[in-house]
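Note sheet for the following structure.
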2 protein chains.
Amino acid sequence: MDDKTMLMIPGPTPVPERALTALGKHPIGHRTGEFSALIGEVNAALKWLHQTENDVLTLAASGTGAMEAGIINFLSAGDRVVVGSNGKFGDRWAQVAKAYGLNVEMIEAEWGKPLDPEAFRAVLEADTDKTIKAVVITHSETSTGVLNDLEAIVGYIKAHGTALSIVDAVTSLGAYDLKVDELGIDVVGSGSQKGYMIPPGLAFVSVSEKAWTAYATANLPRFYLDLGKYRKTAAKNSTPFTPPINLYFALHAALQMMQNEGLEAIFARHDRLKRATRAAVKAMGLPLFGADECASPAITAVAPVSVKAEDIRSLLSKKFDIALAGGQDHLKGKIFRIGHLGFVSDRDVLTAIAAIEAALIELGHDGVAPGAGIAAAAQVLNAG
Amino acid sequence: MDDKTMLMIPGPTPVPERALTALGKHPIGHRTGEFSALIGEVNAALKWLHQTENDVLTLAASGTGAMEAGIINFLSAGDRVVVGSNGKFGDRWAQVAKAYGLNVEMIEAEWGKPLDPEAFRAVLEADTDKTIKAVVITHSETSTGVLNDLEAIVGYIKAHGTALSIVDAVTSLGAYDLKVDELGIDVVGSGSQKGYMIPPGLAFVSVSEKAWTAYATANLPRFYLDLGKYRKTAAKNSTPFTPPINLYFALHAALQMMQNEGLEAIFARHDRLKRATRAAVKAMGLPLFGADECASPAITAVAPVSVKAEDIRSLLSKKFDIALAGGQDHLKGKIFRIGHLGFVSDRDVLTAIAAIEAALIELGHDGVAPGAGIAAAAQVLNAG
């Protein structure tokens with residue numbers, strides 16, 4: 001049905017009416033007291049969401065822009081950088097680092113498997129000369145739904161002492177209890193169309209004091225992505241360049257809703273939706289792509305065998321106007337991904353599971369009792 | 001009055017309801033046939049607006065991001081670049097070029113005066129070794145309302161043969177008859193919150209075949225601003241990174257409105273609003289900051305003597321909820337700027353003039369008959 005799309009993809013995520021209404025307001029001047037006050041409130045709420053006292057800077061960019069800024073502002077050409085990758089986005093950050101002439105060393109895991117924290121420990125402990133300047137890690141790998149063990153890896157980076165931790169939290173920020181200050185993470189990048197519950201167009205980078213010290217001598221060229229400019233103006237509740245005013249309106253509304261819900265409730269909701277989705281997928285006799293132990297609270301990837309992933313996606317889209325994500329790169333056609341990130345409720349997960357069940361029946365996936373998925377999801381949701 | 005702001009600044013410009021309604025719609029997936037079709041229509045309309053067959057690429061960024069991309073994609077470290085500057089934005093492009101290690105040579109004019117095309121001719125003609133790789137020019141200098149003689153300067157660049165022309169058309173695109181292909185301009189940067197009539201958050205770069213040839217060997221580091229990535233995906237009606245979906249919805253609506261109005265009518269309207277504004281300012285006994293011969297169709301800067309610029313701005317804001325722009329940098333407090341760019345009608349200019357007259361009466365600006373401004377503006381608007 002036209003105009004009836006239900007987003008169950010890892011971004012853009014569904015947007016609350018309150019945020020859409022704010023988005024559709026007439027813009028105001030961005031160099032006014034009124035907008036400055038809004039920036040102040042937004043910046044305070046961003047720190048709350050990041051659980052940090054660090055600067056959280058807002059850019060007009062995609063998440064990739066934020067991650068590029070997070071890498072290039074704190075390093076110099078030839079610097080040794082360790083990049084963890086077990087998916088499309090880990091690979092992308094390595095490409096960014098290479099584009100700027102950084103000396104990139106990869107720690108990889110198969111797509112669908114988590115990064116091994118021990119591999120980071122070994123490399124970091126062996127680096128007694130402290131030549132490693134940064135470690136880049138993707139927390140929740142959007143392409144596979146795998147959550148890496150950030151706590152363990154960041155622990156090894158802290159023990160190293162010199163290297164900065166640069167984290168892609170694009171699909172974990174706002175979904176997972178990411179304690180930026182408690183863990184001592186230096187740089188965290190994220191994007192608005194994910195846990196923030198608003199459309200794409202804004203990206204965020206939090207920056208620690210240690211990273212700012214590195215900034216002072218880092219020499220990679222930058223202007224639009226120069227975070228020093230953003231820091232300077234953020235201190236005055238302003239921006240270095242014209243900000244996407246209407247997206248700020250929406251962000252302001254969405255952050256208020258998040259504060260009303262509370263961090264604990266937000267994380268509990270995402271965890272519940274994850275568990276319900278995974279229980280249902282298992283009950284429907286479909287193989288999960290990643291293990292429970294490393295399951296992202298934002299995305300569940302499914303690798304069906306008896307039916308084709310694209311057939312399920314296609315039926316859900318055509319018959320029920322539900323958008324599921326497909327696989328990326330070599331996983332194209334092999335997996336489908338259910339997003340349960342941001343403004344997603346228990347009802348949404350039940351709906352998606354019901355639709356997948358209907359599709360499985362139509363596709364002749366047998367050996368499983370119709371309704372088994374819903375029953376399993378309902379049990380998790382009822383238990384809370 | 002709360003919620004009654006009328007924007008008469010050079011950006012953000014007023015946004016039509018049709019574009020706001022589109023902006024406030026629920027986002028759809030950006031990797032869908034539906035969004036791909038929208039990108040295709042938007043890209044075709046952007047070429048129409050730019051009067052070009054060149055690629056017109058869309059970035060999630062401010063106009064500065066577009067201009068930085070327009071500079072760094074086609075040059076290598078140490079390249080000799082001539083930057084024209086007669087205002088804040090000309091200065092900014094020099095800063096961008098310097099940040100990337102380019103060898104910058106300035107051609108400057110006093111703020112409020114136009115760049116001298118002869119200065120460009122002299123430098124370009126003297127460069128018989130063809131060491132100048134690019135000339136960067138700000139067409140409509142937003143900070144002063146001065147329109148530079150792009151046709152003449154680009155003519156000299158064409159005669160040089162080697163140098164690329166890189167043009168900041170942020171406040172001229174969509175307001176001035178900028179014939180990109182007829183003039184043979186290589187790179188044109190612009191931003192959504194100006195002539196495009198939508199909020200900030202999108203930026204545009206058009207790129208000629210000659211510039212793409214330079215791209216092939218240009219070695220400045222880039223990833224998010226790498227225009228090659230945007231070109232590759234634009235050919236498939238896609239984007240390299242998650243696009244600001246809702247701003248695309250608004251852009252699509254605004255471009256349709258512009259196509260309905262027609263290029264000739266759009267340019268005639270801006271020219272009429274400029275002439276009406278300038279006639280009114282003169283009739284009110286206020287000195288214009290720039291000469292008629294180099295007046296931007298987008299912005300009129302006024303340098304009042306008997307009253308303070310900030311007092312006029314303040315009264316218009318407080319009493320009539322009309323936002324005028326102030327001066328920037330050393331012109332702060334010395335000028336005010338009236339924006340008549342984008343979704344601005346004859347009525348809007350009449351309104352702004354009437355409000356300025358009311359403020360002048362209150363501020364005791366004398367020697368001018370009340371109503372003289374409106375009479376002068378009306379005469380121009382009636383004549384068409």
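The values are calculated or read from the model by the stated rules, or taken from the named source; none is laboratory data. What you are looking at is a predicted structure, and each value in this text was computed from that prediction instead of being measured. Please note: Cβ atoms are built from the backbone with ideal geometry, for glycine as well, and neighbour counts cover all protein chains shown.
Only one of these is under 21 Å from A:SER62 (Cα atoms) and at the interface with chain A (Cβ under 10 Å from one of its Cβ atoms): B:LEU227, B:LEU202. Name it.
The conditions single out B:LEU202.
Name the one entry in B:SER314, B:SER345 that is over 23 Å from B:ALA378 (Cα atoms), polar (S, T, N, Q) and surrounded by fewer than 17 Cβ atoms within 10 Å (Cβ to Cβ).
Exactly one residue qualifies, and that residue is B:SER314.
In this structure, does A:VAL307 turn out to be over 24 Å from the mean Cα position of the chain (by Cα), assigned to a loop (DSSP other than H, G, I, E, B) and at pLDDT 95 or above? If you could, list the steps in order and put the result at the bottom.
Numbers: over 24 Å from the mean Cα position of the chain (by Cα): yes; assigned to a loop (DSSP other than H, G, I, E, B): yes; at pLDDT 95 or above: yes.
Taking the combined requirement at face value, the residue satisfies it.
Just give me the residues in the range B:286-304 being among the aliphatic types (A, V, I, L, M) and outside any loop (DSSP other than H, G, I, E, B), in sequence order.
B:LEU288, B:ALA295, B:ILE299, B:ALA301, B:VAL302
Go through the range A:310-346 and count every residue that is within 14 Å of another protein chain (Cβ to nearest Cβ), part of a loop (DSSP other than H, G, I, E, B) and under 18 Å from the mean Cα position of the chain (by Cα).
Count: 6.
Looking at A:ALA301, A:ALA291, which one is more than 14 Å from chain B (Cβ to nearest Cβ) and in contact with a Gly (Cβ under 8 Å, 6 or more places away or on another chain)?
None of the other options fit; the residue is A:ALA301.
Checking B:PHE74 against (1) crowded, with 24+ Cβ neighbours inside 10 Å; (2) within 14 Å of chain A (Cβ to nearest Cβ); (3) among the aromatic types (Phe, Trp, Tyr), which single condition isn't satisfied?
(2)
Being assigned to a helix (DSSP H, G or I) and of a type in the set (Gly, Ala, Ser) is the filter; apply it to the range A:85-111 and report the residue that is farthest from A:VAL146 (Cα to Cα).
Per the stated criteria, the residue is A:ALA99.
If you go through the range B:93-114 one residue at a time, do you hit one that is within 14 Å of another protein chain (Cβ to nearest Cβ) and within 30 Å of B:HIS252 (Cα to Cα)?
The answer is yes, given that some residue of the range B:93-114 is within 14 Å of another protein chain (Cβ to nearest Cβ) and within 30 Å of B:HIS252 (Cα to Cα).
Filter the range A:232-267 down to residues that are of a type in the set (Gly, Ala, Ser) and in contact (Cβ under 8 Å) with a residue 60 or more places away in the chain and give me whichever is nearest to the other protein chains (Cβ to nearest Cβ).
Residue satisfying both the conditions and the ranking: A:ALA250.
Given (1) under 16 Å from A:LEU183 (Cβ atoms); (2) without any contact (Cβ under 8 Å) to a residue 24 or more places away in the chain, where does A:LEU124 come up short, assuming only one miss?
Of everything listed in (1) under 16 Å from A:LEU183 (Cβ atoms); (2) without any contact (Cβ under 8 Å) to a residue 24 or more places away in the chain, A:LEU124 misses just condition (2).
Given the condition among the acidic types (Asp, Glu) and not in a helix (DSSP H, G or I), answer yes or no: does some residue in the range B:353-369 qualify? Give the steps one after another, and end with the answer.
Going through the range B:353-369, the residues among the acidic types (Asp, Glu) turn out to be B:357, B:362, B:366.
When the remaining residues are screened for being not in a helix (DSSP H, G or I), the result is B:366.
Yes, that holds for at least one residue.
What is the residue count in the range A:7-28 for residues that are within 23 Å of the chain's Cα centre (by Cα), buried (at least 18 other Cβ atoms within 10 Å of the Cβ) and more than 7 Å from chain B (Cβ to nearest Cβ)?
Count: 5.
Tell me, please, whether a residue that is on the phi < 0 side of the Ramachandran plot and surrounded by fewer than 22 Cβ atoms within 10 Å (Cβ to Cβ) can be found in the range A:203-211.
Taking the range A:203-211 first, the residues on the phi < 0 side of the Ramachandran plot are A:203-211.
Keeping just the survivors that are surrounded by fewer than 22 Cβ atoms within 10 Å (Cβ to Cβ) gives A:209-210.
Among the residues of the range A:203-211, at least one is on the phi < 0 side of the Ramachandran plot and surrounded by fewer than 22 Cβ atoms within 10 Å (Cβ to Cβ), which makes the answer yes.
Just for helices (runs of 4 or more DSSP H) wholly inside the range A:191-285: which have at least 2 residues that are in contact with a Gly (Cβ under 9 Å, 6 or more places away or on another chain)?
Output list reads A:209-215, A:245-261, A:263-283.
Scan the range A:179-205 residue by residue and report those that are over 20 Å from A:THR239 (Cβ atoms) and not basic (Lys, Arg).
Passing the criteria: A:VAL180, A:ASP181, A:GLU182, A:LEU183, A:GLY184, A:ILE185, A:ASP186, A:GLY195, A:MET197.
What number of residues within the range B:221-251 satisfy the criterion of being surrounded by fewer than 18 Cβ atoms within 10 Å (Cβ to Cβ), touching a helix residue (DSSP H, G or I) at 6+ places or on another chain (Cβ under 7 Å) and under 30 Å from A:ALA77 (Cβ atoms)?
The number of residues fulfilling the criteria is 1.
One line per residue, one yes/no per condition, for (1) aliphatic (A, V, I, L, M); (2) modelled with pLDDT of 95 or more; (3) within 17 Å of B:ALA218 (Cα to Cα):
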position: B:ASP79; (1), (2), (3): no, yes, yes
position: B:GLN95; (1), (2), (3): no, yes, no
position: B:ALA99; (1), (2), (3): yes, yes, yes
position: B:MET106; (1), (2), (3): yes, yes, no
position: B:LEU115; (1), (2), (3): yes, yes, no
position: B:ALA119; (1), (2), (3): yes, yes, no
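Take the range B:29-70 and flag every residue that is touching a helix residue (DSSP H, G or I) at 6+ places or on another chain (Cβ under 9 Å), over 22 Å from B:PRO200 (Cβ atoms) and within 14 Å of another protein chain (Cβ to nearest Cβ).
Scanning the range B:29-70 gives B:GLY29, B:THR32.
Restricting attention to the range A:355-384, which residues are touching a helix residue (DSSP H, G or I) at 6+ places or on another chain (Cβ under 6 Å) and within 11 Å of A:VAL281 (Cα to Cα)?
The answer is A:GLU357, A:ALA372, A:GLY373, A:ILE374, A:ALA376, A:ALA377.
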